[in-house]
Amino acid sequence: MKVLVTGAAGYMGKYVVKELLGKGHEVYAIDFNHKEIDSRAEILDVDIFSGDDRIYEKVKCPDLCIHLAWQDGFVHNSPKHMENLSKHFTFLKNLIDGGCKRIAVMGTMHEIGFWEGAVDENTPCNPLSQYGIAKNALRQSLLLLTQNSDVKIYWLRAYYILGDDSSIFTKLLQAVEDGKEEFPFTSGENKYDFIDIKDLAMEIVAASTQDEITGIINVCTGNPVALKDKVEAFIKEKGLPIKLKYGAFPDRPYDSKIIYGDSTKINKILMTTGK
């Protein structure tokens, strides 16, 4: 397939690009910074927020767009989420109007708001941050736009991502390097669905390059683990000379005590695609 990846140099994008290339797809990559993008991809210098109604042609008429670009994804109440919302919608609508038949967009557990337990495609959404509100609105608008068309929408809802850029584990290693003996922490009691960034990239590519299962798809493990257990295991595994200072930071009021993705759909996709 010819695949357009926006946010191709970002936290997830660089891994998604590599995974696509490894599967033999032709990749067109868009981002402000090109440094982290695999050299096998073709980099396009195109402004996706230009409002250009011929954007589909400008990005080489891809078979699939994997839309990962999103400003301030780690700043949940940034004004940029709502400021950019209509720009995201316009870009995707113009792609669809131009002829793109497959659109995959990165979703988030923060669309849900406060929820206890497993999340599936029918779980009600009541987002409690600007980030969650904007993502939720984009999903609703996109699904409404395409409900009576032959366009396939893959809304890829992620949970707690373990990566190598700004994860708690990276910050923990930095604290050790700085000679600190304690690491300020929350209660650590909340249970999340943790997934390694490389596994997430594999699930994103598997989900968006198949035809049978569309709509909201949880890209997750389906296995909730307490944050403190995950971090304590990391400290033990690495033999780090540091202790967690529990309660130094309050738990965010909009974070659920236990939230994880129902992995039924993604497991079926992975079985079908032989992952």
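The values are calculated or read from the model by the stated rules, or taken from the named source; none is laboratory data. Nothing here was measured: the structure is a model prediction, and the numbers come from that model. A quick note on method: Cβ atoms are made from the backbone with ideal geometry, for glycine too, and the neighbour counts reach across all protein chains shown. The protein model used for the area step is the full one, side chains on, heavy atoms only, and it has no ligands, DNA or RNA in it. Shrake-Rupley method; radii C 1.70, N 1.55, O 1.52, S 1.80 Å.
The figures follow:
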read-out	value
The range 111-122 residues that are more than 13 Å from Cys220 (Cβ to Cβ), paired with ones that are open to solvent by less than 10 Å² (accessible area, probe 1.4 Å) and assigned to a strand (DSSP E or B) (beta carbon under 6 Å, 6 or more apart)	Trp115/Ile259
Any hit, the range 109-125, residues being open to solvent by less than 30 Å² (accessible area, probe 1.4 Å), out of contact with any helix residue (DSSP H, G or I) (no Cβ under 8 Å at 6 or more places or on another chain) and either of a type in the set (A, V, I, L, M) or at pLDDT below 95 (or both)	yes
Count of residues meeting criterion [within 16 Å of Leu95 (Cα to Cα) and touching a Ser or Thr at 6+ places or on another chain (Cβ under 7 Å)] in the range 139-159	3
Those residues of the range 21-39 which are of a type outside the set (A, V, I, L, M) and more than 19 Å from Thr209 (Cα to Cα), in sequence order	Asp31, Phe32, Asn33, His34, Lys35, Glu36, Asp38, Ser39
Meets criteria (among the basic types (Lys, Arg), out of contact with any Cys (no Cβ under 6 Å at 6 or more places or on another chain) and closer than 21 Å to Glu42 by Cβ) for Lys80	no
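This table checks each residue for (1) farther than 23 Å from Asp178 by Cα; (2) at pLDDT below 95.
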{"position": "Asn218", "(1), (2)": "yes, no"}
{"position": "Glu232", "(1), (2)": "no, no"}
{"position": "Asp255", "(1), (2)": "yes, yes"}
{"position": "Gly261", "(1), (2)": "yes, no"}
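Let's see how each residue does on (1) under 17 Å from the mean Cα position of the chain (by Cα); (2) open to solvent by less than 20 Å² (accessible area, probe 1.4 Å); (3) among the polar types (S, T, N, Q):
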site	(1), (2), (3)
Met12	yes, no, no
Gly51	no, no, no
Ile55	no, yes, no
Val75	yes, no, no
His88	yes, yes, no
Leu95	no, yes, no
